[in-house]
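Single-structure report; data block below.
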Amino acid sequence: MFSTAFSLALLPLLAAASPQQYGYAPPASNPTTQAAAVAPSAPASTSGQINIDVGAGGNFVFSPANVTASNGTLVTFFFPGGAIPHSVTQGDFANPCQPLSAQSGGSSGFDSGLQSTGVQWTLNVTNDQIPIYFFCKSPTHCGLGMVGSINAPSTGNTFDAWQAAAVKVGASEQTLQDNGPVTGGVGAIATATPAATASGSSSSGSGSSGSGGSSGAMRVSASSALSAIFGLAVAMLFVA
Ligand SMILES: *[C@@H]1O[C@H](CO)[C@@H](O)[C@H](O)[C@H]1NC(C)=O
Ligand SMILES: *[C@@H]1O[C@H](CO)[C@@H](O)[C@H](O)[C@H]1NC(C)=O
Ligand SMILES: *[C@@H]1O[C@H](CO)[C@@H](O)[C@H](O)[C@H]1NC(C)=O
Ligand SMILES: [Cu+2]
């Protein structure tokens, strides 16, 4: 009798444990926790490390879109992956929705290239005295206002003015060629091409394979925990 009651008491636990089969392990004390979103999202920014979501919430935005970053600050962009590619392409305030390199007589802007997988990409701020403007080159996105800035001034060529200029380009936005990632940049530089994002990884640009490995290990341990609970429940039913 006691054992039957105990087995029945375990049933809700089993139900609560089932999301673990999908690789998500809610804390045992909070079985109502929602499953994590499929798209990786940027971890919170810390001192010296700013994290920006690309296409946050499935919208044509960078979030946050306007940041302040001193020399040596790393700015990491988290791409969602999925059907709609995005880019982080350095722009020129005077020529919205055009890459900086096309306008600036040889100085080449950074460009992540179009990315349709869950990658992350990091810029290192090298001159905090100049505004850095960027946009998404995926067709129509810039004209929809998918732009951002680092160290934009609070008057004149502000983030708001940059976005308004992009929206003004609107449907007349030119489709830009994509030649893949371009390192370098003006005011902020990329030293590497985009790399796979491990969801829930630390802000460090390296070690994504380590994090990937640990989330694999978490899946294994989550399913062993599930088997253990299930085994226990079956055993209790037999005892009853
Ligand atoms: C960022 O660039 C500065 C020099 O501009 C360099 O000293 C620093 O090590 C770089 N940071 C990283 C993480 O590469
Ligand atoms: C950041 O680095 C740039 C380029 O070396 C320099 O001109 C600027 O003064 C530095 N900013 C600060 C706050 O020192
Ligand atoms: C953007 O950020 C800068 C600081 O980098 C700030 O001065 C400016 O007011 C901000 N603009 C908007 C529109 O939030
Ligand atoms: Cu985009």
The range 153-171: number of residues that are buried (at least 16 other Cβ atoms within 10 Å of the Cβ) and within 16 Å of ligand 2 (Cβ to nearest atom): 0
Flag for SER221 being exposed (fewer than 15 other Cβ atoms within 10 Å of the Cβ), modelled with pLDDT of 50 or more and over 22 Å from ASN51 (Cβ atoms): no
Search result, residues across the range 123-140 that are surrounded by fewer than 24 Cβ atoms within 10 Å (Cβ to Cβ) and under 21 Å from GLY82 (Cα atoms): SER138, PRO139, THR140
The listed residue being more than 16 Å from ligand 2 (Cβ to nearest atom) and modelled with pLDDT of 95 or more, out of THR89, THR126: THR89
Residue match in the range 96-104 (condition: assigned to a loop (DSSP other than H, G, I, E, B) and more than 16 Å from ligand 3 (Cβ to nearest atom)): yes
Criterion (touching a residue at least 12 places away in the same chain (Cβ under 8 Å), on the phi < 0 side of the Ramachandran plot and surrounded by fewer than 23 Cβ atoms within 10 Å (Cβ to Cβ)) met by exactly one of SER149, SER108: SER108
Residues (within 16 Å of ligand 3 (Cβ to nearest atom), part of a loop (DSSP other than H, G, I, E, B) and over 14 Å from ALA190 (Cα atoms)) located in the range 124-143: ASP128, GLN129, ILE130, PRO131
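The values are calculated or read from the model by the stated rules, or taken from the named source; none is laboratory data. Quick caveat, the model's predicted, so the values are computed rather than measured. Ideal geometry is used to build each Cβ from the backbone, glycine not excepted, and the neighbour counts take in all protein chains shown.
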